[in-house]
């Protein structure tokens, strides 16, 4: 399953690559729920991120948004909040993507994810050599939020150019591209390209290879229990 995100009556997010936002394009409100994991993903301006509990990650994709008591955030910035969160557009044409895990918990205040606050990320172990179709990249990771109990996390990640083999993706991940580009080619055919300012979801079980000339991203991941 690939293409645009739509309401899903069966309450499961099938394997696939879902474009949530394209830079410079008008938002199209849409949402998906995965009942088994408590994951809720919404794009556009129709969803506030509100819910009976859990943790919401709001990624601003265009303009500026006011997120609860956490303040204002511009395009390419995000914030992690606890429970029901009111999100309001500050500028005309503002939009955002929300990712909520109903079982997660945030200890303390809202947690801003602003790239300007973290100009240099710590190095991390690169993609394993047995998964590479290219030379090893240099990669950096900064996980600012993680709920250990339900494996829900958010932060920043970047890499130099590399090409990775196709595997069954082991998690749900929403990525907001801060820089560069990535091309994802599905085993059954079809290539999806995303560039700076784009936001997309890769669902658990999706089989595709990865090729990038270098990129940076905000990530939000949920690793379901096995």
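Tabulated data for the structure shown
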read-out: Those residues of the range 55-86 which are at pLDDT 90 or above and under 18 Å from residue 150 (Cβ atoms), in sequence order; value: 55, 56, 57, 80, 81
read-out: From 158, 209, residue being within 26 Å of residue 77 (Cα to Cα), at pLDDT 95 or above and surrounded by 14 or more Cβ atoms within 10 Å (Cβ to Cβ); value: 158
read-out: The lone exception for residue 89 - which of (1) surrounded by 24 or more Cβ atoms within 10 Å (Cβ to Cβ); (2) at pLDDT 90 or above it fails; value: (1)
read-out: Residue match in the range 128-135 (condition: at pLDDT 95 or above, crowded, with 18+ Cβ neighbours inside 10 Å and not assigned by TED's automatic domain parsing to the domain that holds residue 32); value: no
read-out: So residue 45, is it buried (at least 17 other Cβ atoms within 10 Å of the Cβ) and either in contact with a strand residue (DSSP E or B) (Cβ under 7 Å, 6 or more places away or on another chain) or modelled with pLDDT of 90 or more (or both); value: yes
read-out: Odd one out for residue 176 among (1) over 23 Å from residue 225 (Cβ atoms); (2) without any contact (Cβ under 8 Å) to a residue 60 or more places away in the chain; value: (2)
read-out: The listed residue being over 19 Å from residue 221 (Cβ atoms) and under 16 Å from the mean Cα position of the chain (by Cα), out of 65, 42, 75; value: 75
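Yes or no, residue by residue, for (1) surrounded by 21 or more Cβ atoms within 10 Å (Cβ to Cβ); (2) out of contact with any strand residue (DSSP E or B) (no Cβ under 9 Å at 6 or more places or on another chain); (3) not assigned by TED's automatic domain parsing to the domain that holds residue 42:
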{"site": "64", "(1), (2), (3)": "no, no, no"}
{"site": "75", "(1), (2), (3)": "no, no, no"}
{"site": "83", "(1), (2), (3)": "no, no, no"}
{"site": "97", "(1), (2), (3)": "yes, no, no"}
{"site": "100", "(1), (2), (3)": "yes, no, no"}
{"site": "105", "(1), (2), (3)": "no, no, no"}
{"site": "109", "(1), (2), (3)": "no, no, no"}
{"site": "137", "(1), (2), (3)": "no, no, yes"}
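Here's the yes/no breakdown for (1) in contact (Cβ under 8 Å) with a residue 12 or more places away in the chain; (2) assigned to a strand (DSSP E or B):
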| position | (1), (2) |
| --- | --- |
| 85 | yes, no |
| 96 | yes, yes |
| 107 | no, no |
| 119 | no, no |
| 125 | yes, no |
| 142 | yes, yes |
| 145 | yes, yes |
| 150 | yes, no |
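The values are calculated or read from the model by the stated rules, or taken from the named source; none is laboratory data. Computed from a predicted structure; not experimentally measured. Every residue, glycine as well, gets a Cβ built from its backbone with ideal geometry; the counts of neighbours run over all protein chains shown.
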